[in-house]
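Here the structure comes first, spelled out in structure tokens, and everything after it is commentary.
Read the figures in this text as sums done on the coordinates, not as results from a lab. The model shown is predicted, which means the values in this text are computed figures rather than measured ones. We place every Cβ from the backbone using ideal geometry, glycine too, and count neighbours over all the protein chains shown.
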Amino acid sequence: MALQPTFFVFDSVRDGKGPTLKMTAKRYTSGKSSENSRGLTLILTHCIGSHKEQWEPAIERMFELQRSKPPHQRIREAWSFDWQNHGDAAVLNREALLKRPQGVSVYEWATALAEFLQSPQMRGHRIVGMGHSAGAGAVMLAAKDFPPTNLPYAAIVLIEAAMVTRAVFNSQLEDRMEQMNFAVNATLTRRDTWESRETAAAWLAKRYPWSEWDPRVVRLLAVRSSTSVSQDRADSDRLIAARLTAD
């Protein structure tokens with residue numbers, strides 16, 4: 001059964017570091033899954049340089065795998081979030097981000113996620129946090145201000161978690177910083193403009209690490225996380241708006 005996505009925009013808490021940023025998300029259900037109040041609600045976060053839609057093939061597969069399970073083991077709904085300077089959020093926050101040269105830390109993303117976890121939207125939900133790489137850190141940090149006896153998650157799934165203890169990090173500081181700088185520089189310097197989304201998908205599919213990815217995820221990166229640009233600013237804004245409202 002096909003996924004049923006709904007697009008959301010959330011205002012983040014004002015932190016004094018610049019203009020308030022928005023966080024974007026998609027809520028996925030399948031069939032009548034949202035009626036299963038005993039089911040699980042997945043909270044999904046992505047890695048650096050990616051976007052919320054990267055999870056769609058995995059979400060679809062998880063819905064398929066649990067369909068025959070008891071109600072309390074089925075998925076009620078899945079929420080996938082964009083970091084405030086990634087994906088649709090980056091488009092919405094474009095002007096604000098230009099005034100924040102320091103960027104957006106994972107702590108700020110985690111704060112926005114924590115607000116969502118405490119919102120009426122999640123009241124009564126059995127939540128499973130699922131984070132990939134830097135997103136794993138966001139999932140964990142989002143829970144840091146909850147009392148140990150009242151954590152927001154029923155379970156946590158961390159994939160390639162970019163986390164170590166402070167003691168281990170400091171004991172290998174030079175190596176850790178080298179790895180972090182490599183990841184950041186690779187993201188900042190990689191090609192980001194193509195003649196079309198089809199050209200982008202073909203280019204990515206031939207190069208590491210994307211050549212190792214599921215082809216569906218590569219295509220989602222090229223199609224869903226890109227936006228049209230133009231020398232004509234007004235035209236650019238019109239195309240971006242069309243891209244967002246198409247959801």
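Based on the mean of other beta carbon atoms within 10 Å per residue, what is the order of 155-162, 189-196, most packed first?
Most protected by this proxy first, the peptides run 155-162, 189-196.
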Q: List the relative contact order of the chain as a percent without decimals, with contacts defined as Cα pairs under 8 Å and 6+ residues apart.
A: 19 percent
**Q.** Listed residues Gln121, Gln54, Gln66, most fluctuating in the chain (Gaussian network, C-alpha, under 10 Å)
**A.** Gln121
Q: Note down the nm distance, to one decimal, between modelled labels 7 Å out along Cα→Cβ at Phe169 and at Thr20.
A: 2.9 nm
Q: Under a cut-off of 20 Å between alpha-carbon atoms, report the aspartates and glutamates in cross-link reach of Lys22, not counting same-chain residues fewer than 8 places apart.
A: Asp11, Glu53, Asp82, Asp88, Glu95, Glu108, Glu115, Asp237, Asp247
(Q) What is the ratio of the Cα radius of gyration of the chain to 2.2 N^0.38 Å, with N the residue count, to two decimals? (A) 1.04
Q: Can you bin segment 31-155 into rounded, prolate or oblate? Criterion: square roots of the alpha carbon gyration tensor eigenvalues sorted a ≥ b ≥ c, rounded for a/c under 1.5, prolate for a/b above b/c, oblate for the rest.
A: prolate
(Q) Is there a quick way to get the dipole size of segment 3-159? I mean about its Cα centre, with the Cβ of Lys and Arg at +1 and of Asp and Glu at -1; what is the value in debye to the nearest 20? (A) 320 debye
**Q.** Ascending count of other beta-carbon atoms within 10 Å, so fewest first, for Tyr28, Tyr153, Tyr107
**A.** Tyr107, Tyr153, Tyr28
